[in-house]
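The values are calculated or read from the model by the stated rules, or taken from the named source; none is laboratory data. Here the structure is a predicted model, which means the values were calculated and not measured. Note: ideal-geometry Cβ built from the backbone for every residue, glycine included; neighbour counts use all protein chains shown. Surface accessibility is based on the protein's heavy atoms, side chains included, excluding ligands, DNA and RNA. Shrake-Rupley method; radii C 1.70, N 1.55, O 1.52, S 1.80 Å.
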There are 2 protein chains.
Amino acid sequence: MSDWLDEIKWTDEGLVPAIAQDANSGRVLMFAWMNRDSLALTAEKGEAVYYSRSRRKLWHKGEESGHIQIVKSIRLDCDNDVILLSIEQTGGIACHTGRESCFFKTFQDGQWVETDQVLKDPKDIYE
Amino acid sequence: MSDWLDEIKWTDEGLVPAIAQDANSGRVLMFAWMNRDSLALTAEKGEAVYYSRSRRKLWHKGEESGHIQIVKSIRLDCDNDVILLSIEQTGGIACHTGRESCFFKTFQDGQWVETDQVLKDPKDIYE
């Protein structure tokens, strides 16, 4: 029973983009990639598992920081080539910089301004 | 003054992924790509302009359907390689299938289920 995985239009590298949205606040927290194994594991475990392109391996979000993502729902778009996860963010921090969301820079008057607070020093997250 | 565009980590094809989120409902509506020109135009016009990879040209969202996206804010992620737009969706329909969001399929019991209603017949949108 993995027909649902076959329906996805994977890239030539066997990946699909994935967006993680906070189930409570509605904030978009991060964007990452998944391969077939990571999406299968995400559905099986109920926790977000991505594929790290830089490290070329599965990346169980929170494996180092403890900031795992509990998956509430998995959605697929009209073209079958983008995944949207609704998640509960353990610790309230998705970004490796210690912020709630990775999208903390806002375009203002012709430049990118850091508009979100750091909630926890990364040194205290990754020990 | 286009330093802000230089800060973006474009793909080898000169693109950056862009997520559009409804400023009012918080729903993630769609995912598309932008090139440098499309992002510059988005900021300038205050309306979402993407780059269509299949048609290989700029795509002013809503140019055919009238469902333009009024841009409320533009955010950038920690890695400088993903854009998040907060938008007001004219007509309340972002998807070419006539639904509010492109993410209308939900994973349920091992399969993708269409969980969102069609709000308007595409035949009546694209004439």
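For the reader, a short list of remarks on this structure follows.
- On the stretch given as segment A:1-24, residues that are among the polar types (S, T, N, Q) and more than 20 Å from B:Phe31 (Cα to Cα) total 2.
- Checklist (1) touching a residue at least 60 places away in the same chain (Cβ under 8 Å); (2) of a type outside the set (A, V, I, L, M); (3) within 9 Å of chain B (Cβ to nearest Cβ) applied to A:Tyr126, failing item: (3)
- Extreme residue, nearest to the other protein chains (Cβ to nearest Cβ), among residues of segment A:46-69 that are open to solvent by 30 Å² or more (accessible area, probe 1.4 Å) and at positive phi: A:Arg56
- Qualifying positions in segment A:92-127 - of a type outside the set (A, V, I, L, M, F, W, C), buried (at least 16 other Cβ atoms within 10 Å of the Cβ) and in contact with a His (Cβ under 7 Å, 6 or more places away or on another chain): none
- Residue in segment A:45-55 that is nearest to B:Phe103 (Cα to Cα), counting only those that are of a type in the set (Ser, Thr, Tyr) and in a strand (DSSP E or B): A:Tyr50
- Contact map, segment A:89-102: first residue within 12 Å of chain B (Cβ to nearest Cβ), second residue of a type in the set (A, V, I, L, M, F, W, C) and part of a helix (DSSP H, G or I), Cβ cut-off under 7 Å, separation 6 or more or different chains; pairs are A:Gly98/A:Ile125.
- Filtered residues of segment A:20-45 (kept if open to solvent by less than 10 Å² (accessible area, probe 1.4 Å) and farther than 24 Å from B:Ala20 by Cα): A:Ser38
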